[in-house]
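For reference, the structure is listed below as structure tokens.
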């Protein structure tokens with residue numbers, strides 16, 4: 001398997017006395033397992049309830065710590081550490097910790113699904129238990145109309161389907177349930193679900209996905225749902241048109257399991273599932289020593305002889321070596337935590353500087369003094385655009401500030417071009433007032449030549465490639481450009497021979513249908529310069 005390739009090069013100390021640094025919401029919290037290890041050494045009878053209880057507590061803390069700190073960067077390092085824990089005994093703990101972490105951090109759902117997929121290859125019972133619990137969580141959230149829990153559960157199922165832990169049939173069944181009696185919430189959840197796993201369904205069951213999009217089209221034509229949700233559906237059709245570009249089934253760094261190694265579970269939403277919550281609670285095991293030895297053998301098969309050999313000598317490792325190992329791990333975790341904190345602090349500093357400055361010149365002077373790491377320049381552009389969109393009415397202050405940065409450094413100009421492309425592709429997510437502010441901001445940059453007009457090549461003005469939101473964006477953009485430049489200058493710019501390649505997509509001449517659509521929208525904008533076209 002892909003993730004196993006790193007095991008041979010890793011030298012891990014699988015010690016009961018390890019001290020894990022666990023990232024929690026409140027900060028960095030230390031869980032000292034060494035104390036538990038000392039208590040376990042003091043217990044003479046290794047099969048006694050007291051000893052079993054201590055090992056259970058250590059297992060719970062270790063699994064919880066590993067799940068909490070996993071991310072796309074360190075997942076290949078977390079996997080062997082996780083397999084070093086008794087996942088047969090702690091399968092309930094693993095499922096509970098994974099679901100709890102996923103609920104708290106939905107943005108890491110694909111990471112948790114990838115971790116679960118690897119565990120599922122060695123312990124299919126653990127994968128099946130997790131799937132049953134997520135399905136039960138989904139059912140309860142649906143009955144209670146608990147939208148946050150429903151969104152989290154459907155997202156988890158989508159990525160379990162992407163990782164082939166769950167069959168694609170459960171995905172289609174879930175969509176049928178959500179769209180059978182459409183409401184604003186159920187359709188919104190369905191749109192999010194298809195966005196997450198549509199790329200996988202397109203490859204595995206294109207006919208099934210086509211049927212779901214027919215249902216979306218029928219809902220859109222009926223017009224019984226809120227305008228905002230209609231925009232979401234239109235955005236989903238645009239994503240499908242782009243072949244789910246930007247929404248891959250599995251990111252390359254999370255593609256850890258070969259297809260032939262995966263075990264896919266068949267589960268129906270109609271089934272009565274047993275979550276086996278008793279597995280989350282400590283119970284005395286009459287065959288504790290035998291079961292522990294059995295897992296040691298399994299662990300040796302999974303991780304290789306190096307892991308078991310190092311663990312055998314773990315009890316005689318000195319406290320000094322323990323402390324050194326703990327300090328190294330703590331330093332690594334602190335570095336990672338500081339990186340994330342610095343990014344948050346950077347955004348906060350940029351925001352406060354923008355909002356507290358008297359004019360754009362003062363803001364520009366202060367922002368240029370902020371130390372930016374390579375690659376962080378785009379954060380300044382993103383925050384400036386975000387602040388602009390949040391205003392009740394557009395303030396010229398933001399356009400002047402953006403213009404100043406574009407003129408100072410070409411890097412900022414390139415980053416604003418990236419922001420333009422990103423904003424246009426996600427314009428269906430913005431409210432009308434935010435669209436208006438964003439349009440005026442970019443119109444100012446284009447009208448002052450702070451931003452290259454080549455960015456307009458990203459706009460393709462056809463019925464299939466636009467939504468109601470993007471048409472509002474285009475209409476307002478050209479109205480603002482007319483106001484900035486006037487009819488003569490705007491017409492000269494649009495007829496400039498060197499720019500025609502960038503404007504072909506706005507004024508398409510590839511077929512009569514697209515040309516008519518473009519003309520109709522242009523006439524709707526109702527500006528005199530358009531008749532010159």
Mean separation of Cα contacts under 8 Å (at least 6 apart) over the residue count of the range 82-140, i.e. the relative contact order in percent, is 37 percent
Given 109-122, 482-495, 426-439, the highest-first ranking by average Cβ count within 10 Å works out to 109-122, 426-439, 482-495
Suppose we keep just the alpha-carbon trace of the range 46-99; what are its Rg and Dmax in angstrom? 12.0, 40
Measuring from label point to label point, each 7 Å out along Cα→Cβ, what is the residue 465 to residue 47 span in nm? 7.4 nm
Expected sort for 52-58, 219-225 on mean C-beta neighbours within 10 Å, highest first, is 52-58, 219-225
Please work out the Kirkwood hydrodynamic radius for the range 111-164, using every pair of different C-alpha atoms, and report it in angstroms with one decimal place. 11.3 Å
Kirkwood hydrodynamic radius over Cα pairs of the range 381-470, then Stokes diffusion coefficient at 20 °C and 1.002 mPa s, in µm²/s: 161 µm²/s
On a C-alpha basis, how far is the centre of the range 154-169 from the centre of the range 108-146 in Å? Whole number, if you could? 9 Å
Highest mean first, how do 147-154, 261-268 rank when packing is the count of other Cβ atoms within 10 Å averaged over residues? 147-154, 261-268
Length gained when the stretch residue 373-residue 143 is fully extended (0.36 nm per residue, less Cα-Cα span): 78.0 nm
FRET efficiency for residue 453 and residue 242 from the Cβ-Cβ distance with R0 = 22 Å, rounded to 0.05, comes out at 0.40
Percent of all alpha-carbon pairs of the range 79-219 at distances over 26 Å, whole number, is 23 percent
Spin-label model distance (nm) - residue 355 vs residue 301, 7 Å beyond Cα toward Cβ: 5.8 nm
Could you compute how fast the range 218-282 diffuses translationally, taking Rh as the Kirkwood radius over C-alpha pairs and applying Stokes-Einstein at 37 °C with viscosity 0.692 mPa s? Give it in µm² per second. 195 µm²/s
Run the numbers on the range 193-287 and let me know its relative contact order in percent, using alpha-carbon pairs under 8 Å that are six or more apart. 36 percent
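Every number here is computed from the coordinates shown, using simple stated rules; none is lab data. Here the structure is a predicted model, which is why all the values come from computation and not from measurement. Ideal geometry is used to build each Cβ from the backbone, glycine not excepted, and the neighbour counts take in all protein chains shown.
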